[in-house]
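The structure appears below as structure tokens.
The numbers here are math on the coordinates, done by the rules we state, and not lab data. These numbers were taken from a predicted model, which means no experiment stands behind them. Ideal geometry is used to build each Cβ from the backbone, glycine not excepted, and the neighbour counts take in all protein chains shown.
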Amino acid sequence: MEHQRRVPRRRLSRAGQYRIDQGPPGECRVLDISTLGVGVELLDPVRTLDLIGQRVAIRISTVLVPSDGVCMLGEIRNVAPAPGGRVRIGVEFVGQSETAILDGLRRIDAGF
């Protein structure tokens, strides 16, 4: 059965940083994004056990000021292996208003 998303995601290839719960920060690549969530490839070695359900903060670089970023908060909903031994996580946004999410998406300049 093919997985159907509630809203379409837009492809995005943007550098970022992440922090899972109170763990150390790490580097990531944001692969896709929507008003409900984000797909992220973690570039640092991560233990994939027990990631589902954990809170994560993702800082996504912006086009105009790459050193600046937009911080999006969410909960990890799925985990999958990615090429090169990396890990891909699916994150659902939580703890933010729809207005804050839309403002963040505009700042990321992802075409929303």
Normalised contact order of the stretch 10-108, rounded percent, pairs of Cα under 8 Å and 6 or more residues apart: 26
Extension gain (nm, one decimal) between residue 13 and residue 99, 0.36 nm per residue minus Cα-Cα: 28.6 nm
Cβ under 14 Å from residue 73's Cβ, residue 73 left aside: what net charge do those residues give with Lys, Arg +1 and Asp, Glu -1? -1
Amide H neighbours of residue 37 under 5 Å, at least 5 residues apart or on other chains, H built in the peptide plane: list them. 93
Kirkwood Rh over alpha-carbon pairs of the chain plugged into Stokes-Einstein at 4 °C, 1.567 mPa s gives a D in µm²/s of 92
